[in-house]
Structures are given as C-alpha cells and as structure tokens.
C-alpha cells in the first residue's frame, strides 16, 4: 500500500447537508430551507461543504435564532411547523409575560381599557356641560338686575370660578355616576 501524500491529508474533508444538520440538531430538509432563506453566508457553498463551513454555519444559525427569539426576524410570520420547539416555547413565554404584565397593571389601576376611557371622557364632558348650563340658569336673575359692566364682570368671574372649582374638586372615579341632567337646579329669583 502506498503512503498517503501530505497534500491529500491537508485537503479539507467534504461534508454533506445531513452531517451539518446533525451538528445543528436539524433535519436535512431544515438545512436546505436555511440555505434557501440565506441564513448561512453566501461564502458557504451548500453543495460542497467543508469542515470550516460547519463553524460558519453554526454561528450564522445561532445568530438567526437570537434574532428570531428577539422578534426582529425578517419574516415575522406566525410560528411555522419547521421552527425549533425552543423558539416556539420562548415566544409563548414572552407573550404570557406580556399578558401577565398587562393584567397586573390593569388590576393596579395603571391601565384602563379604551372603551372605559371613552366612556369616562364622554361622562366628563357631559359633567362640564351640565355644570356650565346650571350656571346660566342659576344666576340669570342676578345678572338681569345689574347695570354696571364692572359689577357684571366681577359677578361672572366669581360664578365661573365657583363652577371651575366644582369641576376640579370632582374625583375622576365619580364622573358619570353622580350627575343627571334632571338634577339641574333652576332658581326663580
């Protein structure tokens, strides 16, 4: 038997996609899909892999997994059947954590549902309208007997100030619960 030459021992060993798949704990089909999605660098020839390419592909695959786990993937599709179960579990846990945080903030009163917010704002505007309409009806008699402009202005300033104080002193939680348009008082002075 002839001795092997030094050149033949330095020649890099050819690796198949199946061997790369075993190294990455993936099927050969998954490795082909990763090549198709350009996850591995273009310098790696999918048909003629070498031992050096294994390290390059492993690093590229790890970076791809990190990008997916962080949610920065180019294709933000839903989890497909071909995804790694660890990635699916990480996404599920991330979503569960987000939902739990939202629920906790709702319970603590830090977050309000959009529908509740709309109702509260509508009720607040209704409250302002009611208080301001009450002002004109309540004080029309006093204003009708006043002749001097300065006296009227001072009186109106006082009335407006009282109405604003009433509005400002109303707790937000009670808006919409205590005011009814039928509660408007009309003084017959």
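Here, each number is a calculation from the coordinates, and none is a lab measurement. Owing to the predicted nature of the structure, the values given are computational and were not obtained by experimental measurement. Ideal geometry is used to build each Cβ from the backbone, glycine not excepted, and the neighbour counts take in all protein chains shown.
As a rough guide to protection, the peptides 119-125, 105-111 ranked by mean Cβ packing within 10 Å, highest first, stand as 119-125, 105-111. Peptides 30-40, 59-69, 149-159, ordered by how many other C-beta atoms sit within 10 Å of their residues on average, highest first, read 30-40, 59-69, 149-159.
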